[in-house]
Amino acid sequence: MRDQVLTWLSDNVPASRVQHILGVEQMAGELASHYHLDAAKAAQAGLMHDLAKYFKPKQLLQMARTECQSDGLKRGPTLGIEVDPLCEAHPHLLHADVSAIVARDKFGIQDEEVLAAIANHTLGRPGMSSVSILVFLADSLEPNRGETPELEDLRLLCRQNLYQAVWRTCDYGLSFLLHSRRFVHPRTILTRNWALQMFNQGTPHGHNPISN
């Protein structure tokens, strides 16, 4: 399966993006092992998280709308994609959701946790699973993203407290979006606030472990 995905990626995304994808795969898997989670699931979601990154806007919208109109019974798990007005205006925001469609329909992925981790890697989602958290963090923080002191601090934080790492990483991303005067999707804010609330509550190990 992995070789098939890599072959597909080599034909559909630039080499520089493949390096990023491999970085996400590795970091997600390593974090999963650190927290005694399913490293195979995390790595698989990391490998497939950007399958649709370079799809044209029209294709992203068409695939997302088709999924919204389908009950998913013939192809596998329903993905519950939301095509809101901001996504309509900026279809690139849908590439995570559409990547999950490709993972399901092209590569036969049926594991709902893996598909959700692919779909949630850009905007996150309140209440997302541990695997989704790991891929969300790895997407922003894998080594190819750079070696600034801020990024290094966030990488260290990933191994100390997952909820804190999520809201701090959201803050990092929001700062960039605000300074560059780009649109902010509301789900990013909701994800940030959820993670901060979970951290402040000191939520113990469980569905979403927060510390090692």
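Every number here is computed from the coordinates shown, using simple stated rules; none is lab data. What you see is a predicted model; the values in this text were computed from it and never measured. Positions of Cβ are generated from backbone atoms using ideal geometry, with glycine treated the same way; all protein chains shown enter the neighbour counts.
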Task: Using a Förster distance of 22 Å, the FRET efficiency for ARG181-THR148 (Cβ separation, nearest 0.05) - done: 0.55
Task: GluC sites (Glu not before Pro) within segment 136-183: DSSP coil, no more than 13 neighbouring Cβ in 10 Å - done: GLU147
Task: the chain, dipole about Cα centre (Lys/Arg Cβ +1, Asp/Glu Cβ -1), debye to the nearest 20 - done: 380
Open item on the list: I'd like to know which of LEU60, VAL135, PHE199 lies farthest towards the positive end of the charge dipole of segment 2-200, counting +1 on Cβ of Lys and Arg and -1 on Cβ of Asp and Glu.
Closed with: LEU60
Task: At 0.890 mPa s and 25 °C, Stokes D of segment 94-169 from Kirkwood alpha-carbon radius, µm² per second - done: 189
- [ ] Calculate for the chain the 222 nm mean residue ellipticity that helices alone would give, adding -39,500 (n - 2.57) per DSSP H run of length 4 or more and normalising by residue count, nearest 500 deg cm²/dmol.
- [x] -20000 deg cm²/dmol
Open item on the list: Could you compute the longest span of the chain free of trypsin sites (Lys or Arg not before Pro) located in DSSP loops and having at most 13 other Cβ atoms within 10 Å, not counting the site residues?
Closed with: 75-180
- [ ] For the chain, build the charge dipole from Cβ charges (+1 Lys, Arg; -1 Asp, Glu) around the Cα centre, then report which of LEU94, MET48, ALA28 sits farthest towards its positive end.
- [x] LEU94
Open item on the list: Given an 8 Å cut-off on Cα distances and at least 6 residues of separation, report the relative contact order of the chain as a percent.
Closed with: 20
Open item on the list: Please compute the modelled spin-label separation between ASP171 and LYS56, points set 7 Å along Cα→Cβ, answer in nm with one decimal.
Closed with: 4.2
- [ ] For the chain, state the average projected area of the convex hull of the C-alpha atoms over all orientations, rounded to one decimal in nm².
- [x] 11.3
